[in-house]
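Let me begin by presenting the structure, written as structure tokens, before commenting on it.
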Amino acid sequence: MVLLDPLSLKGYSDRASGMKLSIIQSRDDVENLRYSRRSVVLSAAEYAAGLQFSRVIVAGLPHAESRAPNVAHQLRRFLSLLYLGVSRATSSVEIHTNDEAGDLPDVLDGALRKGVVQRAR
């Protein structure tokens, strides 16, 4: 699972207690993946650069804020992290959103309208 909001990493790891989970909290933790056998990997997007997985779940999208400062910078950062997360998959990708975080990001809404992605409930 690749999280776009690195601040949500602790919350996701707390909820996954009891699972065989490899948590990547820094680039240094990537080395530990060599020694873990078929576990679920939980990482912030920026730490997953260079890794490939057959299946990726992208989650932890940041809250939508229409009047946030530096909107252009935040949009570029969001798109970069989204690309980074999605491109880690070799066969399938799921993007999980949370209605409480605000509206669906425009880029995902546009992809949905064009049929590039499908909505599942």
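Residue check: is residue 93 assigned to a loop (DSSP other than H, G, I, E, B), surrounded by 14 or more Cβ atoms within 10 Å (Cβ to Cβ), without any contact (Cβ under 8 Å) to a residue 60 or more places away in the chain and not small (Gly, Ala, Ser)?
Considered against the rule, which asks whether it is assigned to a loop (DSSP other than H, G, I, E, B), surrounded by 14 or more Cβ atoms within 10 Å (Cβ to Cβ), without any contact (Cβ under 8 Å) to a residue 60 or more places away in the chain and not small (Gly, Ala, Ser), residue 93 comes out as no.
Of (1) modelled with pLDDT of 90 or more; (2) open to solvent by 50 Å² or more (accessible area, probe 1.4 Å), residue 64 satisfies all except one. Which?
If we test residue 64 against (1) modelled with pLDDT of 90 or more; (2) open to solvent by 50 Å² or more (accessible area, probe 1.4 Å), just (1) comes out false.
Picking from 83, 47, which residue would you name as being surrounded by fewer than 13 Cβ atoms within 10 Å (Cβ to Cβ), under 14 Å from the mean Cα position of the chain (by Cα) and at pLDDT 85 or above?
That would be 83, the only listed residue that is surrounded by fewer than 13 Cβ atoms within 10 Å (Cβ to Cβ), under 14 Å from the mean Cα position of the chain (by Cα) and at pLDDT 85 or above.
Can you confirm whether residue 5 is on the phi < 0 side of the Ramachandran plot, at pLDDT below 85 and not aromatic (Phe, Trp, Tyr)?
So residue 5 fails the test.
Select from segment 96-106 the residues that are surrounded by 14 or more Cβ atoms within 10 Å (Cβ to Cβ) and modelled with pLDDT of 80 or more and write down the one among them that is farthest from residue 116 (Cα to Cα).
97
What are the residues in segment 2-18 that are in a loop (DSSP other than H, G, I, E, B) and open to solvent by 70 Å² or more (accessible area, probe 1.4 Å), if any?
Correct list: 17, 18.
Filter segment 19-31 down to residues that are part of a loop (DSSP other than H, G, I, E, B) and either hydroxyl-bearing (Ser, Thr, Tyr) or open to solvent by less than 40 Å² (accessible area, probe 1.4 Å) (or both), then give me how many there are. First the steps, then the outcome.
Taking segment 19-31 first, the residues part of a loop (DSSP other than H, G, I, E, B) are 19-20, 25-26.
Checking the rest, the ones that are also either hydroxyl-bearing (Ser, Thr, Tyr) or open to solvent by less than 40 Å² (accessible area, probe 1.4 Å) (or both) come to 26.
Matching residues across segment 19-31 total 1.
Just the residues that are of a type in the set (Val, Ile, Thr) and closer than 19 Å to residue 42 by Cβ, please, taken from segment 68-100.
86, 90, 93, 95, 97
The values are calculated or read from the model by the stated rules, or taken from the named source; none is laboratory data. Not measured: the values here are computed from a predicted model. FYI the Cβ positions are ideal-geometry reconstructions off the backbone, even for glycines, and counts take in every protein chain you see. The area values use the complete protein model at the heavy-atom level, side chains included, leaving out ligands, DNA and RNA. Shrake-Rupley method; radii C 1.70, N 1.55, O 1.52, S 1.80 Å.
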